[in-house]
Amino acid sequence: MYKVILALRYLIKRRITYFAVLAVALCVFIVVVVMTIMTGLVGGFKEKNHSFTGDCVVGTDSLVGFAYYEDFAKQLEQADFMQGISPVIKSFALVSPAGTEQNYALEIMGIDPVAHSKATDFGKTLHYRKDDVSEAFKPLYDPNLAGCILGIDLALQRDAKGRYSYEPAPGRIALSVSCFPLTAKGALAKAGAGLVNTQTFYYSDHSHTGLPRVDSRLIYLPFQQAQSLCGMAGPLKRASAIHIKFKPDVKLQAGCQKVALLWQKFKQEKLGQDQAYLFDTVTVQSWKEYRRAFIAAMEKEQTMMTVMFCLVGITTVFIVLVVFYMIISHKSKDIGVLKSIGVSNVNIIQLFAGFAFSVGLLGSAMGTFAGWLFLSKINQIESWLFEHFRFQLWDRTIYAIGDIPNQVEFKVLAAIILSAIVACLAGALIPSLQAARLKPVETLQVSQL
Amino acid sequence: MSNENSILKAEALYKAYRMGVTKVQVLKGVDLAVKKGEFVAIVGASGSGKSTLLHILGGLDRPNKGAVSFEGRDLSKISAGELNRYRNKMVGFVFQFYHLLDELNVLENVYLPTMASKSIAGWLVCRKWAKARARQLLAELGLADRANHKPYQLSGGERQRVAIGRALMNEPKLLLADEPTGNLDSATGNGILDILGKLNRAGQTIVMVTHDERVAQRAERIVTLADGKIRGG
């Protein structure tokens, strides 16, 4: 009991302890705020990639695509773990707004909007046709025209706060889309005949995925038209990929493994058939693997942040060590007295460990509360700073970020508090051991006073 | 004197300290026996090793050679845990500079040895008794109205009385006092010596270290430590 009482009294009565508590509180505050924002950003980014991709992709990076995709899609449809299957065409195109000399190199994705909405969250990204995805490629102003869906940043402007100015109906914008059709061997299909396939599409809707690269560079086209433009609509039709969504109770890895097995079997069946060689570049990937290039960069940033905060943690350990060293130096007489009344070395260590635990707990509580308070107001603070000083943490005209993520995750919080307490215990370890080794005779000598 | 009935016995104690490159031999074969209920004063010049001897007798330090036995048990042969229990239960220390804990009030300082010997559960069971015992000791020492004061609010004499209360809390068989009046004026010091005398008359065994012959006269037996050995007594 004396250990609890003395640890708490040292905490309350020794002013130098306040510095240790403040150091811990400050570190916890910074880590809670930054980790919450980073975790929110990375988590949100992953979720958007998942929504955009579906659960699994069977596809190739080759612009030629692969044949027999319809046969494989039929096999997939029969599998009991499937919820949605969407063959897609992926390529690049030169896009010119009608009546202008400008052209832009953009990515195109040919889809069946209904199938793609079952395999991904495509339907939820639409604005005008969200409730009737089957009509997505029919412009409201003339449903008979061939429609296209633009990434939102291609269609609308964002204001300084990152808000889009939506129109009640899409404007009549005609876009001339030109692609280089390729043969199954990868040669230009129209060599000597103008090289390109061109077709005009009309802006029918826009898609807001929240992924800047997608929203600013991608145009969705109807599947058949995209297939024709890219030269994949020959007697043996080709596609670039099949996006798949599993039933909710199917685990990602298990589902992907089943698809991979089906694909291997399918490849064997088609061995030796025309264009079967195109299967060599086809892979089966989970959405995480498929979007790895984008997600990995964010995760790397998060890892770097974590490493940086480990260094902050080491600084905390050092501060606690210094403070405890000073406290124990001043408390050597107390240690001598305690030993003279029979307190053991282990109990001396426990006393100072309890003291360190109190410092860590109090500092963590203060830092967590301050962090929570700051995070709960962070978006209001940013708005106020923007209104008065034009300051933004992220320039919303550049970054596709709405509100700053501020949902504190219990797991992250628990890890931070635990780390802070462990850091305090680590910082107090050496001084505590030193205290335990103190000889009472030396500390109680008149010359030591 | 006869070693029979000795509660505490020191035999051929040797102790040396290293000061830089020099080795200082403080005790050079000290023999001492203290009977139960005796009040022994150890006198000697400053630096003669009185405090060192007292610390060895109280189990705070170990001799380089020789043995200390308490009630027939050799302190050098008991475990660290038993030595802690010896310091907690059998011995009470009174220091020249009182050595009270500033963070605790007077009452808490007095019952600290009892609290230190108990687990949290054990303390919860006996705390009423311990607090009553501490209050009783403070009343006997004339400090009943000072129980909730902090050490810095007390005079030197009052602090030393609190230290005596702390030393007596666990009813030790042996009270070791290291220059208990060394930091007090004459009148206050006499008050402390009166308390020690009263305790001795009540049966308390006391070993007191002092450099002051007049203080030593209050004990029933005086031994002199000179040149690292006991002379006389």
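None of the figures in this text is laboratory data; all of them are computed from the coordinates on show. As the structure is a computational prediction, the values presented were derived from the model and not from experiment. Quick reminder, even Gly has a Cβ in these numbers, built from the backbone with ideal geometry, and neighbours come from all protein chains shown.
Mind checking which of A:Thr368, A:Thr316, A:Thr303 has the largest fluctuation in a GNM of chain A, springs on alpha carbons under 10 Å?
A:Thr303
Compare B:Gly203, B:Gly66, B:Gly20 in a GNM of chain B, Cα atoms joined below 10 Å, and give the one with the largest fluctuation.
B:Gly20
Can you list residues from other chains, or at least 5 along the same chain, whose modelled amide H is less than 5 Å from the amide H of A:Ala146?
A:Tyr202
Return the loop-located trypsin sites (Lys or Arg not before Pro) in the stretch A:283-391 (DSSP other than H, G, I, E, B) with at most 13 other Cβ atoms within 10 Å of their own Cβ; answer none if there are none. Can you show the working numbers first?
Working: sites: A:Lys288, A:Arg291, A:Arg292, A:Lys300, A:Lys331, A:Lys333, A:Lys339, A:Lys377, A:Arg390; in loops: A:Arg291, A:Lys331, A:Arg390.
Passing sites in the stretch A:283-391 are A:Arg390.
Please compute the average number of Cβ atoms from other chains found within 10 Å of each residue's Cβ in peptide A:1-12.
Numbers: counts 10, 13, 3, 2, 7, 6, 1, 1, 5, 1, 1, 1.
Across the residues of A:1-12, the mean count of other-chain Cβ atoms within 10 Å is 4.
Run down the lysines and flag those whose C-alpha is under 23 Å from the C-alpha of A:Lys331, throwing out any fewer than 8 positions away in its chain.
Candidates past the 8-residue exclusion: A:Lys3, A:Lys13, A:Lys339, A:Lys439, B:Lys118, B:Lys150.
Can you tell which of B:Ser46, B:Ser117, B:Ser76 shows the greatest fluctuation in a Gaussian network model of chain B with Cα springs below 10 Å?
It is B:Ser46.
Hey, what angle do you get for helix A:69-78 against the long axis of chain A, alpha-carbon based, 0 to 90 degrees rounded to 10?
Taking Cα atoms only, the helix is inclined about 60 degrees.
On alpha-carbon atoms, Rg over Rh for the stretch A:61-281 using Kirkwood Rh? Walk me through the numbers before you get to the answer.
Working: Rg = 18.3 Å, Rh = 18.5 Å.
So for the stretch A:61-281, dividing Rg by the Kirkwood Rh gives 0.99.
Which of B:Gly20, B:Leu75, B:Thr188 sits closest to the plus end of the dipole of chain B, meaning its Cα is farthest towards the positive end, when Lys and Arg get +1 and Asp and Glu get -1 on the C-beta?
B:Leu75
Go through B:164-174, A:343-353 and give me the packing order, highest mean Cβ count within 10 Å leading.
With the highest mean Cβ count within 10 Å placed first, the list reads B:164-174, A:343-353.
Per-residue HN-Hα couplings for the stretch A:176-187, Karplus 6.51 cos²θ - 1.76 cosθ + 1.60 at θ = phi - 60°, whole Hz, x for Gly and Pro?
8, 10, 10, 10, 9, x, 10, 7, 4, 7, x, 7
Simple spin-label model, 7 Å along Cα-to-Cβ: A:Glu77 to A:Asp274 in nm?
Label at A:Glu77, label at A:Asp274, 2.3 nm between them.
Take every residue in peptide A:340-351, count the Cβ atoms of other chains within 10 Å of its Cβ, and give the average of those counts.
6
Based on the Cβ-Cβ distance of A:Ala169 and A:Phe386, what FRET efficiency does E = 1/(1 + (r/R0)^6) give at R0 = 35 Å, to the nearest 0.05? Walk me through the numbers on the way to the answer.
Working: r = 31 Å, r/R0 = 0.88.
FRET efficiency, A:Ala169 to A:Phe386: 0.70.
Can you tell me the FRET efficiency between B:Glu213 and B:Tyr14 if r is taken as the Cβ-Cβ distance and R0 is 30 Å, rounded to the nearest 0.05? Present the calculation step by step, with values, prior to reporting the outcome.
Values: r = 27 Å, r/R0 = 0.89.
Efficiency for this residue pair is about 0.65.
At A:Thr200 and A:Glu301, where each label point lies 7 Å from the Cα along Cα→Cβ, what is the point-to-point distance in nanometres?
It is 4.1 nm.
Efficiency by 1/(1 + (r/R0)^6): what FRET value for B:Ser79 and A:Leu433, r their Cβ-Cβ distance, R0 = 35 Å, to the nearest 0.05?
Working: r = 21 Å, r/R0 = 0.59.
Working from the Cβ atoms, E equals 0.95.
Return one quarter of the surface area of the convex hull spanned by the alpha-carbon atoms of chain B, equal to its mean projected area, in nm². Please list the in-between numbers first.
Numbers: hull surface 53.2 nm².
Quarter of the Cα hull surface area: 13.3 nm².
Just to check I understand the Karplus step: with θ = phi - 60° and J = 6.51 cos²θ - 1.76 cosθ + 1.60, what whole-Hz values come out for the stretch B:41-46, glycine and proline as x?
10, 9, 10, x, 5, 4
If you project the alpha carbons of the stretch B:5-50 onto their three principal axes, what span does each projection cover, largest first, in Å?
42, 20, 11
Would you please report the Å³ per residue occupied by the convex hull of the alpha carbon atoms in the protein assembly as shown?
263 Å³
Quickly estimate the mean residue ellipticity at 222 nm for chain B, helices only: each DSSP H run with n ≥ 4 gives -39500 (n - 2.57), and the total goes over all residues, rounded to 500. Write out the running numbers ahead of the final one.
On the way: 7 runs with 79 residues, N = 233.
Value at 222 nm, helices only: -10500 deg cm²/dmol.
Using the number of other C-beta atoms within 10 angstrom as an exposure proxy, rank A:Val88, A:Val441 with the fewest first.
Starting with the residue having the fewest Cβ neighbours, the order is A:Val441, A:Val88.
Exposure proxy check: A:Trp372, A:Trp394 ranked by fewest other beta carbons within 10 Å?
Values: A:Trp372 17, A:Trp394 13.
Ascending number of Cβ neighbours within 10 Å: A:Trp394, A:Trp372.
Mean shadow of the stretch A:160-235, computed from the convex hull of its alpha carbons, in nm²?
On the way: hull surface 28.8 nm².
If I average the Cα hull's projected area over directions, I get 7.2 nm².
Taking GluC sites (Glu not before Pro) as candidate sites, keep only those in a DSSP loop with at most 16 other Cβ atoms within 10 Å, then name the longest stretch of chain A containing none of them. Please report the intermediate quantities before stating the final value.
Working: sites that count: A:Glu101, A:Glu409.
Longest stretch, sites excluded: A:102-408.
Given the options A:Asn345, A:Leu393, A:Ser383, identify the residue whose Cα lies farthest towards the positive end of the charge dipole of chain A (+1 on Cβ of Lys, Arg; -1 on Cβ of Asp, Glu).
A:Asn345
Any idea how far apart B:Asp227 and B:Ala187 come out in nm if each label point goes 7 Å out from Cα toward Cβ?
With each label point 7 Å from Cα toward Cβ, the separation is 4.3 nm.
Give me the inter-chain shielding for B:100-108: mean count of other chain Cβ atoms within 10 Å, whole number please. Could you put the intermediate results ahead of the total?
Numbers: counts 3, 9, 5, 12, 5, 0, 0, 0, 4.
Mean number of neighbouring Cβ atoms from other chains: 4.
Label point 7 Å out from A:Lys185 along Cα-to-Cβ: which residues of the stretch A:226-251 have amide N under 19 Å?
Label zone hits: A:231-238.
With +1 on each Lys and Arg Cβ and -1 on each Asp and Glu Cβ, how big is the dipole of chain A about its Cα centre, in debye rounded to the nearest 20? Could the numbers behind the result be given before it?
Values: 44 positive and 34 negative charges, 381 e Å.
Its charge dipole is roughly 1820 debye.
Kindly express, to the nearest 10 degrees and within the range 0 to 90, the angle between helix A:292-330's C-alpha long axis and the longest C-alpha principal axis of chain A.
10 degrees
What percent does the relative contact order of the stretch A:61-281 come to when contacts are Cα pairs within less than 8 Å and at least six residues apart?
Details: 441 pairs, mean separation 70.9, N = 221.
About 32 percent, as a whole number.
Expressed as an acute angle from 0 to 90° and rounded to the nearest 10, what is the orientation of the C-alpha long axis of helix A:2-13 relative to the principal long axis of chain A?
Roughly 80 degrees between the two axes.
Restricting things to alpha carbons, find the Rg to Rh ratio for the stretch A:90-213 using the Kirkwood radius for Rh. If you can, show how the numbers build up before the last one.
On the way: Rg = 15.6 Å, Rh = 15.7 Å.
Ratio value, two decimals: 0.99.
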